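One structure below.
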């Protein structure tokens, strides 16, 4: 049986994302998919969905959702809570890392995440896929966020789940050197691996700009004949300031890449905020494999720790604080953060 | 003799096989040769864990799942495959693309003509006499980098890119031509406009019109050809 989820207010930086649009990069179609596939998997896991089922990704401010036709079960992952508006005028906080069933006509006002947050829907969003994925790629108009989204009716009732916050590792971001490390001076390579960089305000789904010590190029220079790039690649143009590519990055690029972030650390990049300090550490393929295994264990341990939510009662202060409902504190209107083409619904 | 191709790690889930530092007809043929070899192996089920590969001007980037496909093993196979030196030309399809080189649709044509000491008509005559080769697709879905622009029309990119280049714009920069499939920012010189749709995601079998190795000619048409059908 089918239900629908209406988007009553679009939020800011909200898109549909799943595991990404694989297999089309040779014709210039970016990978896309969740910036943090681990948090998407966590939200899906609370609902019993496959890890990469399509959900909503929130970068700045969450949407207002309303169930239509039938009950819809929703899960939140990330440092992002919500406010549930019941049909009888009741208002309750929905904490992060939990599920809730919206009855038809009820609304959920999702707050602003610290970093990136995910809204999963039981059964996954059932919007039509395009080229094998439901992910939004705004620059080429692939999958706009519609005002009503088809989904599955919630099964059963009263079986909500919750969990503690899932956190990522900290420490330096791990990278594999190259592929164009020879385009940098020895001093630049030394600086890259020993000094700190700050995230600037320029952040979207295509990439992040960092500011820090200038990374001078070697005599080979700051231009290459364009070659393949991938999320995690760290390009350094002539100004010597790194650009970290993310899920919506182009498929090819003409700047030398000093290093490339390993897959296990890509989800961490999604949560970097302006002013955050970033350091890099070089690893080899074996260490990258160990990091992927450790991350998979972290997720499976977390999923095993989910438990039934306490029934009824008012949430305590800690839960309300964790819900992070201070949406107005986020400068969602900052034009530097969001070019028009990436605003949902335009 | 060809130099041995280089295998470069692009993180822990991709390798770039590089045939040379520059785009040349030889490196392009070897790029397409490796892509053809990979396609045959995948069709035979002999590339488990390899997700996709991207042919570029001078290299092929192979994206794989490192948990299904040990990187060392794949590296050795790619090196052996690239070392065979196979050459290919792609499908060899030939396209004639209608382009209006007039008025508002060619905002940079006058600047190109005066910079190169030519009349507008002479520039258009050279553009329509050129047989371009699709070197790669990238930048945007379906965006073709067209090699073969004569040196007499070589121009640097604009110092300041336009914030919005309309979809269908036909452009040149360096020794390349291109057609923008989408509205986007862009720094190439706009010399015309084409009504042809270069990308359609609902055309599932072949969303992009062009493939690397295709040959493309531009044919001058009037502004009427740009009217919506």
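The values are calculated or read from the model by the stated rules, or taken from the named source; none is laboratory data. This structure is a prediction, so every number in the text was calculated from the model and none was measured. Note: ideal-geometry Cβ built from the backbone for every residue, glycine included; neighbour counts use all protein chains shown.
Brief remarks on what is shown
- Strands (runs of 3 or more DSSP E) wholly inside region B:1-103 containing at least 1 residues that are closer than 30 Å to residue A:261 by Cα and within 14 Å of chain A (Cβ to nearest Cβ): B:6-9, B:14-18, B:50-55, B:59-64
- Identity of the residue in region A:178-196, within 14 Å of chain B (Cβ to nearest Cβ) and within 25 Å of residue A:290 (Cα to Cα), that ends up surrounded by the most Cβ atoms within 10 Å (Cβ to Cβ): A:179
- Residue within region A:197-214 that is surrounded by fewer than 20 Cβ atoms within 10 Å (Cβ to Cβ) and in a helix (DSSP H, G or I) present: no
- Residue B:157 vs. criteria within 14 Å of chain A (Cβ to nearest Cβ), within 16 Å of residue B:109 (Cα to Cα), in contact with a strand residue (DSSP E or B) (Cβ under 9 Å, 6 or more places away or on another chain) and surrounded by fewer than 20 Cβ atoms within 10 Å (Cβ to Cβ): yes
- Summed over region A:107-151, the residues that are in a loop (DSSP other than H, G, I, E, B) and either within 14 Å of chain B (Cβ to nearest Cβ) or over 17 Å from residue A:59 (Cα atoms) (or both) give a count of 18.
- Considering A:73, A:92, A:83, the condition of being over 23 Å from the mean Cα position of the chain (by Cα), more than 25 Å from residue A:247 (Cα to Cα) and assigned to a strand (DSSP E or B) is satisfied by A:92 alone.
- Region A:237-251: number of residues that are farther than 22 Å from residue A:39 by Cβ and assigned to a loop (DSSP other than H, G, I, E, B): 8
- Take the conditions (1) assigned to a strand (DSSP E or B); (2) more than 14 Å from every other protein chain (Cβ to nearest Cβ); (3) crowded, with 24+ Cβ neighbours inside 10 Å; residue A:175 misses just one of them, which is (2).
- When B:191, B:196 are checked against the criterion of being farther than 22 Å from residue B:57 by Cα, in the same structural domain as residue B:144 (by TED's automatic domain parsing), outside any strand (DSSP E or B) and at pLDDT 90 or above, B:196 stands alone in meeting it.
- Every listed requirement among (1) within 18 Å of residue A:199 (Cα to Cα); (2) outside any helix (DSSP H, G or I) is met by residue A:221 save one, (1).
- Matching residues, region A:157-167, being in contact with a strand residue (DSSP E or B) (Cβ under 9 Å, 6 or more places away or on another chain) and in a loop (DSSP other than H, G, I, E, B): A:157, A:158, A:159, A:160, A:163, A:165, A:166
- Selection within region A:252-273 - within 13 Å of chain B (Cβ to nearest Cβ), at pLDDT 95 or above and not in a strand (DSSP E or B): A:256, A:262, A:263, A:264, A:265, A:266, A:269
- Note on region B:167-181: residues that are without any contact (Cβ under 8 Å) to a residue 60 or more places away in the chain, outside any loop (DSSP other than H, G, I, E, B) and within 14 Å of another protein chain (Cβ to nearest Cβ) amount to 4.
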